[in-house]
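Here's the structure we're looking at; comments come further down.
The values are calculated or read from the model by the stated rules, or taken from the named source; none is laboratory data. From a predicted model like this one, the values you see are computed outputs, not experimental measurements. Note: ideal-geometry Cβ built from the backbone for every residue, glycine included; neighbour counts use all protein chains shown.
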Amino acid sequence: MKKKVYGVTVECVRGDIAHQDNFSAVVNAANAQLRIGGGVAGAIHRAAGPELEEACRPQAPIKPGEAVITGGYNLPNEYVIHCLGPIFGVDKPEDELLENCYRNALKLADSHGIESIAFPAISTGAFGYPVEEAAEVALRTVLNVIQSLEKVETIRFVLHSDRDLRVHEEILARLECN
Ligand code: AR6
């Protein structure tokens, strides 16, 4: 589904974050060391190739809520924005830290002239954040930040399962921007 907010398209699709053709940037659900990992970080690093880890090294470690940018190497995307989400029940307050991920990623994208950016559901895998709660934070933050963006035109959420897609679609349909 798609929604247009202040001229920016926000959409939810089911798919693989490492296969987002025609998007300038994809977001990595990274680990603090910005190394290859499981889930999204594994898929992105495998598709990008070893140069991505090389590019990440000088920027590591990062803290929960932070975002840093590198090239995309063998990915179909010019850039990767790496965010460290909170570990649910450990890094607190987790809603603020998760909000910071989306806010910082979008600001970084905008300052690099990025027009299209695709996010995974940060923290909802290995980091254990319940998807309903995480989706609410993610979508609310995106809608709140949109008005301040000058370059970003399309924001996509790429969900790995039908259930996660449904959860995001329901929340996106319900949320108003303010
Ligand atoms: N494309 C889109 N979504 C995916 C993909 C994919 N290829 N693979 C998994 N997901 P996770 P986190 C979904 O664990 O919770 C890593 O090992 C997945 O189903 O990738 O932020 C890092 O090294 C889930 O809904 O990220 C870190 O140590 C969501 O993406 C740690 O895990 C996020 O799952 C980060 O944990």
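Annotations for the structure displayed:
- Residue, nearest to the ligand (Cβ to nearest atom), within region 146-177, restricted to residues that are of a type in the set (A, V, I, L, M) and within 22 Å of residue 16 (Cα to Cα): 158
- Test: residue in region 82-91 that is within 20 Å of residue 33 (Cβ to Cβ) and part of a strand (DSSP E or B): yes
- Residues of region 47-64 include at least one that is touching a residue at least 12 places away in the same chain (Cβ under 8 Å), aliphatic (A, V, I, L, M) and near the ligand (Cβ under 10 Å from one of its atoms).
- Residue list for region 14-50, filter: touching an Asp or Glu at 6+ places or on another chain (Cβ under 8 Å) and more than 16 Å from residue 77 (Cα to Cα): 14, 34, 35, 36
- The condition of being polar (S, T, N, Q) and closer than 12 Å to residue 105 by Cα holds for only one of 77, 22, 28, that being 28.
- Residues in region 117-145 that are more than 7 Å from the ligand (Cβ to nearest atom) and within 15 Å of residue 104 (Cα to Cα): 12 in all.
- Cross-chain or 6+ apart pairs with Cβ under 7 Å, region 77-89 first and modelled with pLDDT under 95, then of a type in the set (Lys, Arg): none
- Of all the numbered requirements in (1) under 24 Å from residue 37 (Cβ atoms); (2) of a type outside the set (Asp, Glu); (3) over 14 Å from the mean Cα position of the chain (by Cα), residue 114 misses one, and that requirement is (3).
- Counting the residues of region 14-24 that are in contact (Cβ under 8 Å) with a residue 60 or more places away in the chain and near the ligand (Cβ under 10 Å from one of its atoms) gives 5.
- Within region 155-178, residues that are more than 13 Å from residue 135 (Cα to Cα) reach partners that are more than 15 Å from the ligand (Cβ to nearest atom) and modelled with pLDDT under 95 with beta carbons closer than 6 Å, at six or more positions or on different chains, in the pairs 177/5.
- Any hit, region 142-154, residues being under 15 Å from the mean Cα position of the chain (by Cα) and without any contact (Cβ under 8 Å) to a residue 60 or more places away in the chain: yes
- Which listed residue, of 32, 43, is under 21 Å from residue 165 (Cβ atoms) and modelled with pLDDT of 95 or more: 43
- Residues considered: 137, 152, 158, 142. Of these, the only one that is crowded, with 21+ Cβ neighbours inside 10 Å, assigned to a loop (DSSP other than H, G, I, E, B) and among the aliphatic types (A, V, I, L, M) is 152.
- Qualifying residue in region 25-44 (condition: surrounded by fewer than 16 Cβ atoms within 10 Å (Cβ to Cβ) and more than 13 Å from the ligand (Cβ to nearest atom)): no
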